[in-house]
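No value in this document is a laboratory result; all are computed from the given coordinates. Note that the structure is a prediction, hence the values are computed from the model and not measured. Quick reminder, even Gly has a Cβ in these numbers, built from the backbone with ideal geometry, and neighbours come from all protein chains shown.
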Amino acid sequence: MKLDGEVALVTGGGGGIGLAISTLLAERGAAVVFNDLNADRVAATTVAHLAAKRVVSGLPGDASSVADVDALFSYAEATHGPVSIVVCNAFSATSDGLATLALEDWERDLHGTLTSAFITVRRALPVMIEQGKGNIVTIGSINSTGAYGADAYSAGKAGLENLTRSLAVRYGRHGIRANMVMPGSVGTDVQLRREALEPGFLQRLERWYPLGRIGTPDDIARAVVFLASDESSWTTGATLTVDGGLLAGNGVMTSELMVESGDLPR
């Protein structure tokens, strides 16, 4: 899956899943630009990419800010040329439930998770239409499929899936594809911090996954690169679930109800 000559833009690319996506896109030949809210992380990540001879650079910025997103695209265009791949990875999440969730927190999570993607793709579309090609990959979440907590974030991810399908249908005639990668639990700093506060958390979490582990950022990055490449040239409007089998069925519940089955996780 070569991406030579492509210019990719990744929101929230300074760490975790976004860092893995930026890295793999560059290793497959794309020139990559990313943004991140943490300016120190942007600087350190950019230096690491350069040291590894990857064509990746970042700008501090907020993916939910029209001005910051425009600045990121302008930088990419001036440095590398028209953006042909966009990965909407930025999000905002709070652990509060609906009964105690402040309106400003609800709005921040929706804005950071859903509106940020709208702002990003709106900036990308005119250039992609002019080129007659483009790939948009959004990063969803299994949270959009049911009640898994983080209610505002989950609602935003559900809206993002619908937005992805709308993009695919409206702009397919211009050679633009739009697809979503839907991860399950991934071992990012968020999960590792919780494990540090609550030892044994990850072990309890892993038992729900048929493959017996949570995901890695690289698991998600590989799916993104597939959807951004010509290997998926007739795929658009799709949601690629990358969740270790979690949504295939509740193996833990089944094993407890059907004790005679010896091949399900316990």
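What the table shows:
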item: All positions within the range 194-234 that are small (Gly, Ala, Ser), assigned to a loop (DSSP other than H, G, I, E, B) and more than 19 Å from MET182 (Cβ to Cβ); result: GLY200, GLY212, SER233
item: Test: residue in the range 100-109 that is among the acidic types (Asp, Glu), buried (at least 20 other Cβ atoms within 10 Å of the Cβ), in a helix (DSSP H, G or I) and touching a residue at least 24 places away in the same chain (Cβ under 8 Å); result: yes
item: Output for the range 26-55, where each listed residue is in contact with an Asp or Glu (Cβ under 8 Å, 6 or more places away or on another chain) and either farther than 23 Å from GLY81 by Cβ or part of a helix (DSSP H, G or I) (or both); result: LEU37, VAL42, THR45
item: Count - residues of the range 116-151 that are among the hydroxyl-bearing types (Ser, Thr, Tyr), surrounded by 19 or more Cβ atoms within 10 Å (Cβ to Cβ) and either outside any strand (DSSP E or B) or without any contact (Cβ under 8 Å) to a residue 12 or more places away in the chain (or both); result: 4
item: Some residue of the range 179-192 being among the hydrophobic types (A, V, I, L, M, F, W, C), under 19 Å from GLY13 (Cβ atoms), touching a residue at least 40 places away in the same chain (Cβ under 8 Å) and surrounded by fewer than 16 Cβ atoms within 10 Å (Cβ to Cβ); result: yes
item: Enumeration of residues in the range 58-83 that are closer than 14 Å to THR11 by Cα, surrounded by fewer than 20 Cβ atoms within 10 Å (Cβ to Cβ), touching a strand residue (DSSP E or B) at 6+ places or on another chain (Cβ under 7 Å) and not hydrophobic (A, V, I, L, M, F, W, C); result: PRO60, ASP68, TYR75
